[in-house]
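S.K.: Starting off with a structure, shown below.
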Amino acid sequence: MSEKQKVPAGKSVDDRPEGKEATAQTSETPYRYNRELFYSFDREKGFSAKVDYQYDANQTIIRQSWDAAEERLNAVRNKVIGGKRSPIAYYMEKQLMEVPMLAAYTGFSPWRVRWHLTVPGFRRMKISTLEKYAEIFEIPVQELKSPHFLT
């Protein structure tokens with residue numbers, strides 16, 4: 001980390017020149033809520049910890065990650081609308097889950113979860129299985145059967 005990126009003691013990230021420039025360039029700063037624990041070392045005081053807002057570089061990384069997640073969600077939504085994937089795939093992506101994680105939550109084997117992600121597998125599911133998925137995704141069973149974005 002260069003000297004220009006370090007935040008002196010008693011100053012916040014917003015006091016840095018590049019922080020003001022970045023704030024001036026973008027009218028919104030949605031990731032100012034994310035705070036981190038920063039450690040610093042002073043020869044007289046030793047180590048100290050301070051909770052402060054994230055650096056602009058970290059905010060950019062977080063923004064890019066959420067944008068990529070939104071793109072993946074839109075791609076899965078289009079596959080569900082096109083009839084290539086089941087609504088479980090959409091809600092799984094919306095919850096940022098993967099097959100092994102969903103399998104662990106449901107108690108099903110991963111291959112069975114993958115089968116439920118297909119349209120034929122979804123159509124053959126019992127109501128009890130649908131209820132289990134709906135409970136995990138915290139949605140009603142009816143929403144799982146006919147998602148709001150299909151209408």
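Taken together, the values in this text are just the output of simple stated rules run on the coordinates, not laboratory data. Computed from a prediction, not measured in an experiment: that's the story for all the values here. Reconstructed Cβ throughout: ideal geometry from the backbone, glycine too, with neighbour counts over all protein chains shown.
S.K.: Identify, from the list R124, R85, the residue that is loosely packed, with under 14 Cβ neighbours inside 10 Å and farther than 30 Å from F38 by Cα.
M.R.: Numbers: R85 fails: loosely packed, with under 14 Cβ neighbours inside 10 Å.
Selected residue: R124, the only one of R124, R85 that is loosely packed, with under 14 Cβ neighbours inside 10 Å and farther than 30 Å from F38 by Cα.
S.K.: Name the residues in the stretch 95-151 that are among the hydrophobic types (A, V, I, L, M, F, W, C) and not in a helix (DSSP H, G or I), would you?
M.R.: Step one: list which residues in the stretch 95-151 are among the hydrophobic types (A, V, I, L, M, F, W, C), which gives 96-97, 99, 101-104, 108, 111, 113, 115, 117, 119, 122, 125, 127, 130, 134, 136-137, 139, 141, 144, 149-150.
Across the stretch 95-151, the qualifying residues are L96, M97, F108, L117, M125, I139.
S.K.: Considering the stretch 106-122 alone, what residues qualify as being closer than 22 Å to I81 by Cα, touching a residue at least 12 places away in the same chain (Cβ under 8 Å) and not hydrophobic (A, V, I, L, M, F, W, C)?
M.R.: R114, H116, T118, G121 - these are the residues of the stretch 106-122 that are closer than 22 Å to I81 by Cα, touching a residue at least 12 places away in the same chain (Cβ under 8 Å) and not hydrophobic (A, V, I, L, M, F, W, C).
S.K.: Right, something else. Return the residues of the stretch 68-83 that are over 20 Å from the mean Cα position of the chain (by Cα) and more than 14 Å from V119 (Cα to Cα); say none if nothing qualifies.
M.R.: Across the stretch 68-83, there are no qualifying residues.
S.K.: Considering the stretch 59-105 alone, what residues qualify as being within 19 Å of V141 (Cβ to Cβ) and in contact (Cβ under 8 Å) with a residue 60 or more places away in the chain?
M.R.: Residues satisfying the conditions are V80, P87.
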